[in-house]
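Worksheet for the structure shown next.
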Amino acid sequence: MNWYVLYTKSRNEKKVAEKLKVLGLEVYCPVLKTKRQWSDRVKWVEEPLLKSICFVRLNEQDRDKVFQIFGVVRYLFWLGKPAIVRDNEIEQLKCFLNYNEECDLRVTYFTPMQEVSIVTGVLSDHKAIVIRQFKNKVLVSLATVGIHIQVDLNQTKLISV
């Protein structure tokens with residue numbers, strides 16, 4: 001049995017995971033408790049760590065079972081084959097999320113031409129335009145300085161403007 005990566009409809013990750021469990025499949029949807037502010041209250045909510053992603057563990061011949069569930073779009077592929085995640089990688093993810101139960105971790109995705117503000121680091125308080133993002137690195141253009149720089153999201157915080 002292997003862990004496969006399922007791509008789901010937007011904002012359907014937890015629903016898909018629950019329905020797959022009802023079918024008797026082993027599924028993992030990594031969620032993170034985050035603090036949300038409303039006009040009248042603050043609340044801790046569970047949000048999927050990876051947008052539109054669930055992991056399902058099953059045999060190769062049972063891969064079609066998941067398409068019985070509304071919200072499942074497709075499997076993610078790598079080099080022409082369904083992407084397989086190793087057991088130890090799933091366990092590491094589970095351990096990390098259990099250890100950091102209530103943290104402010106977010107996987108941040110920026111789109112090209114999005115305006116951002118640099119919050120920390122040498123260039124803090126500068127505005128920039130996103131050129132492209134690859135993993136945890138973002139190439140931004142600083143119009144005020146006239147340069148392009150690569151920002152490491154592990155060391156520098158960017159926020160949308």
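The values are calculated or read from the model by the stated rules, or taken from the named source; none is laboratory data. Predicted model, so just to flag it, every value in this text is computed and none were measured. We place every Cβ from the backbone using ideal geometry, glycine too, and count neighbours over all the protein chains shown.
At-a-glance table
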{"quantity": "Counted residues, the range 118-161 - those being more than 24 Å from the chain's Cα centre (by Cα) and among the acidic types (Asp, Glu)", "calculated": "1"}
{"quantity": "Residue check for Ser141: modelled with pLDDT of 80 or more, outside the structural domain of Glu47 (by TED's automatic domain parsing) and either touching a strand residue (DSSP E or B) at 6+ places or on another chain (Cβ under 7 Å) or not in a loop (DSSP other than H, G, I, E, B) (or both)", "calculated": "yes"}
{"quantity": "Options Glu89, Glu46, Glu60; residue that is outside the structural domain of Phe134 (by TED's automatic domain parsing), modelled with pLDDT of 90 or more and exposed (fewer than 14 other Cβ atoms within 10 Å of the Cβ)", "calculated": "Glu60"}
{"quantity": "Tabulated pairs, the range 110-132, first free of Cβ contacts under 8 Å to residues at least 60 places away in the same chain, second of a type in the set (Phe, Trp, Tyr), C-beta under 8 angstrom, 6+ apart or interchain", "calculated": "Val116/Phe110; Val130/Phe110"}
{"quantity": "Check on Lys15, in contact with a Gly (Cβ under 7 Å, 6 or more places away or on another chain) and either modelled with pLDDT of 95 or more or aromatic (Phe, Trp, Tyr) (or both)", "calculated": "yes"}
{"quantity": "All strands (runs of 3 or more DSSP E) inside the range 1-111 with 3 or more residues being within 17 Å of the chain's Cα centre (by Cα)", "calculated": "2-8, 31-37, 42-48, 53-58, 72-75"}
{"quantity": "Residues of the range 112-138 classified as outside any strand (DSSP E or B), under 25 Å from Arg36 (Cβ atoms) and at pLDDT 80 or above, total", "calculated": "2"}
{"quantity": "So Leu20, is it within 18 Å of Met1 (Cβ to Cβ), crowded, with 17+ Cβ neighbours inside 10 Å and without any contact (Cβ under 8 Å) to a residue 60 or more places away in the chain", "calculated": "yes"}
